[in-house]
Amino acid sequence: MPNPLFVGIDVSSTDNAVCCLTNDDEKRPLCRFTVLNNRPGIMELKDRISQLVNKHNLDALRFGLEHTGCYSTHAAMYLQRHLDFGCPDVKVYMFNPSLITAFKKAHFLDAPKNDRVDAWFIAAKLRAGHLPHPFTWSEPMMALQRLTRARYHLIQDLVRESNFLMTNLYLKFSDYTLVFDNKLSATSLAVMEEFESTEALAEISMDKLVNFLVQHGKNRFDDPQAVAKELQKAAHSSYRLPKAVNDSVNLAMASSIRVIRTVQEQLKSLKKAIEDHLKTVPQTLDSVPGIGPVFASGILAEIGDIKQFESHKQLAKFAGLAWSEHQSGNFKASQTRLIHSGNRFLRYYLMEAANSVRVHDPVFAEYYAKKKAEPKQFAHKRAIALTARKLVRLVFFLLKTNQLYQPKGGQKTK
């Protein structure tokens, strides 16, 4: 008979509370202790677990930790790769904290909340079974994930700062949105900075304004004079601000523009680093039209080992691209929301990739148009989410088979 030890570890920023259970114990732990959450602490944990293995002739170790961001990363890596416990069968599991909370409520409605109790419930969950795929990690994937998550973070900052800039821009120049499609282009930002008021823009000579647009647009406008006319027309029709308010708005806009330019520069640096790292990772996702190195990296870094998913449905649920069900008796809701759980980074990169693929690939373009035409609320968002769900099936297949994408259905081995 197997003789495993179930080790639950409640992780915090400073220390790790450890609880050890065996199949023979009902509730009383075999051992409890607390170690620091650092390298000496994990080595102490290794020594104490090794002593238990030798003393009780244990032939399997199951470690469980809640996925608490950066605090659990080092412990999981060391347990899975760097430590030798003198036991042939060692597996590490990372649990979504909500699973442990639900497991706790299922057994004790009034269970206290502290590190010792949480460690016991993690060990008990290990013993109960129905476990996720064992934790594995890859150095290239982890390095790539740090970059793609940093990009995600900067994109959120860029969106937030851009929205704030647009509110001030409307106060200063209410009809500006009628001129430039990309309000954050170099030329657009230069116009916002150069002209302190709509009056200044309306009164400048046409020749000077055209030269300004040619210089800052690097001669990329097909008809700079037409753009200049649209700018002055918008300046004439926009609301006017009192000078004191206009000066404050200009200062706020200048601050936002500096932040936006800094973020844009950092995004360029991250893109180059992501492209360089992706070259070391074998993959075929970038064979899909519309999925470049950045989107491919974001998807790969969050999925990790595709072997942990038995089907594309599991992968979709992991990404949060699954819909909740609302049914009772003969009633079944026709409209439901996406589930609240899931990896938000993976969902973001899949949604962005789907929006790009539907522009470049006729199969996905047709599917998107079909879903958008259906009489539902939030047509575009719903269609993009469904297109991303369709993309999950393709991603799952390509990663499982390591084959290149063939739009007509044929397959080509890489």
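Picking from Val159, Val245, which residue would you name as being loosely packed, with under 14 Cβ neighbours inside 10 Å, under 29 Å from Gly298 (Cβ atoms) and of a type in the set (A, V, I, L, M, F, W, C)? Walk me through it before giving the result.
On the way: Val245 fails: under 29 Å from Gly298 (Cβ atoms).
Selected residue: Val159, the only one of Val159, Val245 that is loosely packed, with under 14 Cβ neighbours inside 10 Å, under 29 Å from Gly298 (Cβ atoms) and of a type in the set (A, V, I, L, M, F, W, C).
From the residues in the stretch 144-202 that are part of a helix (DSSP H, G or I) and among the aromatic types (Phe, Trp, Tyr), which one is modelled with the lowest pLDDT? Reasoning before the result, please.
Taking the stretch 144-202 first, the residues part of a helix (DSSP H, G or I) are 144-172, 176-178, 186-194, 198-202.
Those still in the list that are among the aromatic types (Phe, Trp, Tyr) too: 152, 164, 170, 176.
Numbers: Tyr152: 97, Phe164: 96, Tyr170: 94, Tyr176: 89.
Among those residues, the one meeting the criterion is Tyr176.
Are any of the residues in the stretch 353-368 assigned by TED's automatic domain parsing to the domain that holds His312, surrounded by 20 or more Cβ atoms within 10 Å (Cβ to Cβ), β-branched (Val, Ile, Thr) and part of a helix (DSSP H, G or I)?
yes
One line per residue, one yes/no per condition, for (1) free of Cβ contacts under 8 Å to residues at least 24 places away in the same chain; (2) assigned to a helix (DSSP H, G or I):
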{"site": "Lys208", "(1), (2)": "yes, yes"}
{"site": "Val214", "(1), (2)": "yes, yes"}
{"site": "Arg220", "(1), (2)": "yes, no"}
{"site": "Ala226", "(1), (2)": "yes, yes"}
{"site": "Leu241", "(1), (2)": "no, no"}
{"site": "Val245", "(1), (2)": "no, yes"}
{"site": "Asn250", "(1), (2)": "no, yes"}
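Out of all the residues in the stretch 267-295, which are under 20 Å from Thr136 (Cα atoms) and part of a helix (DSSP H, G or I)?
His277, Leu278
Return only the number of the condition from (1) more than 28 Å from the chain's Cα centre (by Cα); (2) exposed (fewer than 14 other Cβ atoms within 10 Å of the Cβ) that Asn250 does not satisfy.
(2)
Among the residues of the stretch 92-114, write down those that are of a type in the set (Gly, Ala, Ser) and in contact (Cβ under 8 Å) with a residue 24 or more places away in the chain.
Scanning the stretch 92-114 gives a single hit, Ser98.
The values are calculated or read from the model by the stated rules, or taken from the named source; none is laboratory data. If you're wondering where the values come from, they're calculated on a predicted model, not measured in any experiment. Note that each Cβ is placed from the backbone with ideal geometry, even for glycine, and that neighbours are counted across all protein chains shown.
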